[in-house]
């Protein structure tokens, strides 16, 4: 009974929490910047930030390419979950047709 009633009602909330947790984990910056001293263990956002602090100037092309690479997993997750996120929950009344 719980699988037929409660799980479908809870799925939009579970997906939102999972999406926010994924994006927060992917974009974590402060904690890895403080705790990770080894260069091979640092997160992607910390490595991108080091390109901004370079003494020779900012390599905008490399920074833009790195930022787009950081965006790929988030866009992929949204593309895979788009139908589930839009057709259920708060957006269900906004899409007509």
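Observations on the structure shown:
- Selection status of residue 13, within 17 Å of the chain's Cα centre (by Cα), in contact (Cβ under 8 Å) with a residue 40 or more places away in the chain and either surrounded by fewer than 13 Cβ atoms within 10 Å (Cβ to Cβ) or not in a helix (DSSP H, G or I) (or both): yes
- Region 28-45, residues that are under 21 Å from the mean Cα position of the chain (by Cα) and not in a helix (DSSP H, G or I): 28, 29, 36, 42, 43
- When 64, 54 are screened for being surrounded by 10 or more Cβ atoms within 10 Å (Cβ to Cβ), out of contact with any helix residue (DSSP H, G or I) (no Cβ under 6 Å at 6 or more places or on another chain) and either part of a helix (DSSP H, G or I) or at pLDDT 80 or above (or both), only 64 passes.
- The listed residue being modelled with pLDDT of 80 or more, assigned to a helix (DSSP H, G or I) and under 15 Å from residue 19 (Cα atoms), out of 75, 48, 85: 75
The values are calculated or read from the model by the stated rules, or taken from the named source; none is laboratory data. What you are looking at is a predicted structure, and each value in this text was computed from that prediction instead of being measured. Counting neighbours? That spans all protein chains shown, and the Cβs are built from the backbone with ideal geometry, glycine included.
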